[in-house]
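The block underneath contains the structure these notes are about, expressed in structure tokens.
The values are calculated or read from the model by the stated rules, or taken from the named source; none is laboratory data. Here the structure is a predicted model, which means the values were calculated and not measured. Reconstructed Cβ throughout: ideal geometry from the backbone, glycine too, with neighbour counts over all protein chains shown.
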Amino acid sequence: MPVAIITGASKGLGRALAGALAARGWDLVLDARTPGPLEEARAALASYGTRVEALPGDVADAGHRAALVAGAWRLGGVDLLVSNASALGAEPLVRVAELPLEGLRRALEVNVVAALGLVQEALPLLRSAPAGAVLAVSSDAAAEAYETWGGYGASKAALDQLAAVLGVEEPGLRVWAVDPGDMATDLYAAAVPDDDGPRPAPDGVVPALLRLLDERPASGRYGAPALLEEGR
């Protein structure tokens, strides 16, 4: 069975994608910072009959990243690495003039440095997989100038560029940066707590990610809304 590592997998898009892959028979290594919700996700996903390793921890910690890859190795390797865990830099978001530098450092550490560190740790297994792929969850804030989203957007723009270069340097892999579009997630609620407008559930984005896995388009940056529209 193919094996995926998914960070930030206890809820939101990470949890939704994990469920879809488990339904397809994938074995999973899941990460999240909070043990309780992560264990709940593990138990639910194991009901599909798939093998699931749930390792609570912080992706910014090198030892934790090594443990995630070691867990995948025990299951047979790494076919897909999903960098979904994210930090905002400030909760709620603030204008660049007030952005705490420590918050920006945290966003860069989690969204960029940790994502690269995990790729580096997993690269030998990805290269040996029959169809190794890296999926970096980006944001429209990486490409558009939205008030208060400067720090988070800068970190996601850096992630996009790393993914783009990795795709050129590793032609045997597929490396996709994906803007999932608007979603109702805890991350968004923490970013803009006074915005209670309706937003799509993360489950609605998952078919776009599955389309990438099924069709394996060239490495690059993709928008989930466009993938969903084209797939209809």
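Annotation: residue 197 fulfils all but one of (1) outside any helix (DSSP H, G or I); (2) surrounded by 15 or more Cβ atoms within 10 Å (Cβ to Cβ); (3) out of contact with any strand residue (DSSP E or B) (no Cβ under 7 Å at 6 or more places or on another chain); the unmet one is (2). Quick one: which of 20, 16, 41 is surrounded by fewer than 17 Cβ atoms within 10 Å (Cβ to Cβ) and either outside any loop (DSSP other than H, G, I, E, B) or charged (D, E, K, R) (or both)? Within the list 20, 16, 41, the selection yields 20.
Contact map, the stretch 1-28: residues that are among the acidic types (Asp, Glu) paired with residues that are part of a loop (DSSP other than H, G, I, E, B), Cβ distance under 8 Å, separation 6+ or inter-chain. Pairs shown: 27/1; 27/2; 27/50; 27/51; 27/76. For the stretch 163-190, filtering for residues that are over 20 Å from residue 118 (Cβ atoms) and surrounded by fewer than 17 Cβ atoms within 10 Å (Cβ to Cβ) leaves 7.
Selection of first residues in the stretch 142-167 that are acidic (Asp, Glu) and of second residues that are modelled with pLDDT of 95 or more and surrounded by fewer than 20 Cβ atoms within 10 Å (Cβ to Cβ), restricted to Cβ pairs under 6 Å at least 6 apart or on distinct chains, gives the following pairs, ordered by first then second residue: 160/221. Checked against the criteria, residue 118 does not count as at pLDDT 95 or above, farther than 18 Å from residue 86 by Cα, buried (at least 16 other Cβ atoms within 10 Å of the Cβ) and touching a strand residue (DSSP E or B) at 6+ places or on another chain (Cβ under 8 Å). The condition (being of a type in the set (Gly, Ala, Ser) and part of a loop (DSSP other than H, G, I, E, B)) is satisfied by just one residue among 71, 89, 63: 89.
The lone criterion from (1) charged (D, E, K, R); (2) over 24 Å from residue 200 (Cα atoms); (3) buried (at least 19 other Cβ atoms within 10 Å of the Cβ); (4) in contact (Cβ under 8 Å) with a residue 40 or more places away in the chain left unmet by residue 95 is number (3). Only one of the listed residues (189, 226) is within 25 Å of residue 10 (Cβ to Cβ) and among the hydrophobic types (A, V, I, L, M, F, W, C). That residue is 189. Among the residues making up the stretch 205-222, those that are in contact (Cβ under 8 Å) with a residue 12 or more places away in the chain and either surrounded by fewer than 17 Cβ atoms within 10 Å (Cβ to Cβ) or farther than 18 Å from residue 184 by Cβ (or both) are 207, 210, 211, 212, 213, 216, 217, 218, 219, 220, 221, 222.
Based on this model, can you work out whether residue 76 counts as at positive phi and surrounded by fewer than 17 Cβ atoms within 10 Å (Cβ to Cβ)? In short, yes.
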